[in-house]
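Student: I'd like to ask some things about the structure below.
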Amino acid sequence: MDHCCKHKERPARAATTGDAEYTCPMHPQIRQRGPGDCPLCGMALEPADAPADGNDAELRDMTRRLVVGAVLTIPVFILGMSHFFHDSALGLWAASDSGRAVQAFLATPVLFWCGWPFLRRAWASLVNRSPNMFTLIALGTLAAWAFSMAALLAPDVLGTNDLYFEAAAVIITLVLAGQVLELRARRRTGHALRALMDLAPATAWKLGPDGTPHEVHLGEVSPGDLLRVKPGGRVPVDGIVVSGSGTIDESMLTGESLPVEVGPGRQVRAGTLNGHGSIDLRAEGIGAATLLAQIVALVAEAQRARAPVQDLADRVAAVFVPVVAAVAAISFVAWLALGGTPAQAVTAAVSVLIIACPCAIGLAVPMSITVGVGRAARSGVLVRQPAALERLEKIDTLCLDKTGTLTTGRPEVVRVVTSKETTERRLLELAAGLEQRSEHPLGAAIIRRAEAQDIASAAAADFSSTPGGGVAGRVGSCSVRVGTPAFAGTAEEDIIDEPGSSRLDVSIDGRWAGTIFVADTIKPSARAALDALRRLHVRPVMLTGDRESAAGRVAAELGVEDYHAGLLPADKAAFIMRLQSEGRRVCMAGDGVNDAPALAAADTGIAMGPGSDVAKETADFVLVRGSLDGIVRTFTLGRAIMRNVRENLFLAFAYNILGIPLAAGVLYPFTGWLLSPMIAGAAMSLSSVSVIANALRLAKSPAKSTAGA
């Protein structure tokens, strides 16, 4: 046996970071080689194709800037706020020359080193005439810093000695925190795609001319090659079985919880798991031609197309930024034209920029999101993509996978029929004794049923297993066979089948003793949760790769009128995109690898906690305990969070709208009062306090439910 390839590295599946093409999720027309920032909106670019092993250089850089910024900002903030306690020792020292110099010394690197990426993005927005929040951040922080430096170095010329270093430092640090969270979310997305790619094994057992298998690198396999898949191994390529038989777990593709028996002429797919038997197959689809690779491409494309809805603060910035700049400039010119002093003109212009600085606006969304996400976590709902909360609020259609989402995801005994000579207890005792030697999921269901009824079973002797047929052996003094009617020798028995279930006949000493029906069972919370979603005006639709009979049984029991069976992963994603083209806002809930393209294509996705890692990495929300009631909690909390966000944005912008005219000096002709930068800074702080207090109400927000998440 050739083991020369066992330790070879997995082949590269994408270009290196420097060569890969990157695009903006908000502006897909922006493309460049290597990572960077979008010149239109300032967002970090992301790979246009499925990523290779992650390059976290940008995340590490932003994290380093955040740590340094936080360490320097905390003392600046304490010193800056000490003027409220001017009689204290700290307040007196902060007002001294040394205390003021320390503020400048600490705040300057926060703005010009920690905040350099934002200043660069702001400059790009000006060059491209596309103002955004980075433009406003740069204007406000630079104005606060420049005014403070002038007041520190030449207070007599400026006519004031007020400092606002803490405003510039705090804003930069807050924005850095947001960028780190965004980059971490993007890294998780890359991990999800790599997890999908890694489902295919790195090597394959290739049959030589003499039929001897040799382990080779997957890159050495060509269409037409004969490969062997051993029991417990994953299928390396798409192909056709030419000999042998096995039991293939295709749940990653179809969502079907029951394994599929395969034999000559049957098509198998890369990444699926062979449970029993050894099969030889002829390679057909390799690499990018496999269905697994197509799923990866679908997920990557859908995640790029599903651009996050721009935050309201960013959308308003396109108008708000030029208006603020214009008001500041007009204030400066008007004061000089109307006979004001240069100090008064500068004070008015800077006060406008400081009071418009997006401290409260920057806090409005993250505060609501942070508190709300914590509240959701305590309810068993993990929010992986906070930006999805805005999309969730507008959802009107919920597409649900069947297996593992509406159902438990594992086969259970649903019905037992016995002959007149056999009791159910005796039938389960013998069948479970035989299945103890088997590893088949249907056999495990029989064992669980026997254990639930405290039935003790003796292990079988002379055990044998026939792929596609069943198992046989001796339990005690009885010869027992469990499997298909033909295998058990009971084909003539007239038994009414259980819709959507698998039938296992049991024969004892050559005579039919009973039939056991095994099926995937519905979760207890499913019906109540679907009724609650309908009351929230969300229409449920079931999408499954399972058989029509199994899908129909579940749909009928849950009252789901709209269901679609026999769907492959691409079919689910295409169905969701068709609903979106009709104007529907769609959420997808699923748990399997086969649900990943649909989870990515939907406006937002919800994954069941006990499900696959790929589904959880692709989804925006994860339900810890996997109960459907968690979906109701997700919708309820999502709507409460977005209401709080809108309230916070109103409070933040209200202060700006009212404060900017005052800062410009519109009341000066009537009252002789000019809003000083000190008052502007206090108003900005008050708006932040209001936003924080309102966001904290979410911590006590009720999360109605019918069971548990």
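Student: Which percent of the Cα-Cα distances in region 409-522 go past 23 Å? Provide the component values of the computation, followed by the final result.
Tutor: Working: 1057 of 6441 pairs.
Result for the distance tail: 16 percent.
Student: Let's test the formula: R0 of 51 Å, r as the Cβ-Cβ distance of ALA574 and ALA452. What FRET efficiency results, to the nearest 0.05?
Tutor: Efficiency, rounded to the nearest 0.05: 0.80.
Student: Same structure again: If I model a spin label at ASP562 and ARG64 as a point 7 Å from the Cα along the Cα→Cβ vector, what separation in nanometres do I get?
Tutor: In this crude label model, ASP562 to ARG64 measures out at 5.1 nm.
Student: Still on this structure, I have one more. Where in region 612-633 does the label zone of LEU536 land, with the point 7 angstrom along Cα→C-beta and an amide N cut-off under 18 Å?
Tutor: 619-633
Student: Listed highest first by mean packing, meaning other Cβ atoms within 10 Å per residue, what order do 170-176, 344-350 come in?
Tutor: Working: 170-176: 25.4, 344-350: 23.9.
Final packing ranking: 170-176, 344-350.
Student: How much length, in nm to one decimal, is gained on full extension between ASP56 and VAL624, taken as 0.36 nm per residue of separation minus their Cα-Cα distance? Provide the component values of the computation, followed by the final result.
Tutor: Details: separation 568, 0.36 × 568 = 204.48 nm, distance 2.76 nm.
Net length gain for the segment: 201.7 nm.
Student: Right, here's the next one. Separation between the ARG415 and TRP116 pseudo-spin-labels, each 7 Å from Cα along Cα→Cβ, expressed in nm?
Tutor: With each label point 7 Å from Cα toward Cβ, the separation is 7.2 nm.
Student: Right, something else. Neighbouring Cβ atoms within 10 Å as the yardstick, rank MET149, MET608 fewest first.
Tutor: Values: MET149 15, MET608 28.
Fewest to most other Cβ atoms nearby, the residues stand as MET149, MET608.
Student: Charges at C-beta only: +1 for Lys and Arg, -1 for Asp and Glu. How large is the resulting dipole of region 390-460 about its Cα centre, in Debye rounded to 20? Write down the numbers at each step before the final one.
Tutor: Values: 11 positive and 12 negative charges, 43 e Å.
The calculation lands at about 200 debye.
Student: Could you list VAL319, VAL622, VAL216 so that the one with the fewest beta carbons within 10 Å of its beta carbon is first and the one with the most is last?
Tutor: Fewest to most other Cβ atoms nearby, the residues stand as VAL319, VAL216, VAL622.
Student: Ranking THR341, THR141 by Cβ neighbours within 10 Å, fewest first, what do you get? Show your work: numbers first, answer last.
Tutor: Values: THR341 11, THR141 32.
The most exposed by this proxy come first: THR341, THR141.
Student: State to the nearest 20 debye the size of the charge dipole of region 476-579 about its Cα centre, where the only charges are +1 on K and R beta carbons and -1 on D and E beta carbons.
Tutor: My answer is approximately 600 debye.
Only the coordinates and a few stated rules stand behind these numbers; no lab work does. The structure presented is a predicted model; accordingly, all values stated were derived computationally and were not measured. As a convention, Cβ positions derive from the backbone with ideal geometry for all residues, glycine included, and neighbour counts pool all protein chains shown.
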